[in-house]
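Engineer: Sharing a structure here in structure tokens format.
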Amino acid sequence: MKIRSTTILSVRRDNQVAIGGDGQVSFGQTVMKGGAKKIRSLAGGKVITGFAGSAGDAFSLLERFEKKLETHNNNTMRAAIEMAKLWRTDRALRRLESMLIVVDENCSLLLSGSGDVIEPDDGVLAIGSGGQYAAAAARALVRNTDMSAEEIVKEAMAIAASICVYTNDNIITQTLPAR
């Protein structure tokens, strides 16, 4: 049975970067939990991450990413590149089924097990079951409103929750000042 869960969205706008995630964890057709927390702060609150996929796999990846951050003096881009290399080449990590969004004041990155480190052109990143719905809504809001990054994340996540059955409206957001 395929486990489906989560929508994670990040928006970078003006002097703010926001990331948000819903709380739903589903197993097949059943909602197993409605209040999961899929957003984590690292590096003393200077880096925020969100994960989609298997929670156990995601926590394993987050621990390793945090070690990479420490090794590279909290340089998020460098840590992400090194994490992607490790994720791609390590036999055990290659089997993990999760994705990460990582943001700091300077960059927003998507990390995947295929070695991807993607920085968006428009400041919008989304992963998970409802990720494409949330990204589409966020892009429309960025273009057509004066809303803050956090307001866009909240509204786009609410839109995704109204469309995707694997996304709920129990949304947690965190923000950082952006450069």
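Coordinate-derived values only; no laboratory data. Predicted model, so just to flag it, every value in this text is computed and none were measured. Glycine also receives a Cβ, built like all others from the backbone with ideal geometry; neighbour counts cover every protein chain displayed.
Engineer: Under 12 Å from a point placed 7 Å out from the Cα of Arg88 along the Cα-to-Cβ direction: which residues of the range 109-143 have their backbone N that close?
Structural biologist: Within reach of a label on Arg88: 112-118.
Engineer: Still on this structure, I have one more. Obtain the nm distance between the two label points defined at Ser54 and Lys67 by a simple spin-label model: each point lies 7 Å from its Cα along the Cα-to-C-beta direction.
Structural biologist: 1.8
Engineer: If you keep only loop residues by DSSP, which GluC sites (Glu not before Pro) in the range 57-141 have at most 14 other Cβ atoms within 10 Å of their Cβ?
Structural biologist: Glu97
Engineer: So what's the range 39-179 giving for Cα Rg divided by 2.2 N^0.38 Å, two decimals?
Structural biologist: After normalising by residue count via 2.2 N^0.38 Å, the value is 1.03.
Engineer: Just flag the trypsin sites (Lys or Arg not before Pro) in the range 16-51 sitting in loop per DSSP whose Cβ has no more than 14 other Cβ atoms within 10 Å.
Structural biologist: Lys37, Lys46
Engineer: I need the fraction of alpha carbon pairs in the range 23-73 separated by more than 13 Å, rounded to a whole percent.
Structural biologist: Tail of the P(r) past 13 Å holds 63 percent of the pairs.
Engineer: Still on this structure: Rounded to whole Hz and in sequence order, give me ³J(HN,Hα) for the range 35-43 from the Karplus expression 6.51 cos²θ - 1.76 cosθ + 1.60, θ = phi - 60°, writing x for Gly and Pro.
Structural biologist: x, 5, 10, 10, 10, 9, 9, 10, 6
Engineer: What is the ratio of the Cα radius of gyration of the range 1-89 to 2.2 N^0.38 Å, where N is its residue count, to two decimals?
Structural biologist: 1.19
Engineer: Separate question: Okay, helix-only estimate at 222 nm for the chain: each DSSP H run of n ≥ 4 adds -39500 (n - 2.57), divide by all residues, round to 500 deg cm²/dmol; what do you get?
Structural biologist: -11000 deg cm²/dmol
Engineer: Can you tell me, using C-alpha contacts under 8 Å and at least 6 residues apart, the relative contact order of the chain as a whole percent?
Structural biologist: It comes to 33 percent, rounded to a whole number.
Engineer: Here's another thing I want to ask about it. If the cut-off is a Cα-Cα distance under 23 Å, which lysines reach Lys68, setting aside same-chain residues fewer than 8 apart in sequence?
Structural biologist: Within the straight-line limit of under 23 Å, Lys68 reaches these lysines: Lys37, Lys38, Lys46, Lys85.
Engineer: Something else about it: Note down the nm distance, to one decimal, between modelled labels 7 Å out along Cα→Cβ at Asn170 and at Ser112.
Structural biologist: Taking the two extended label points, one gets 2.8 nm.
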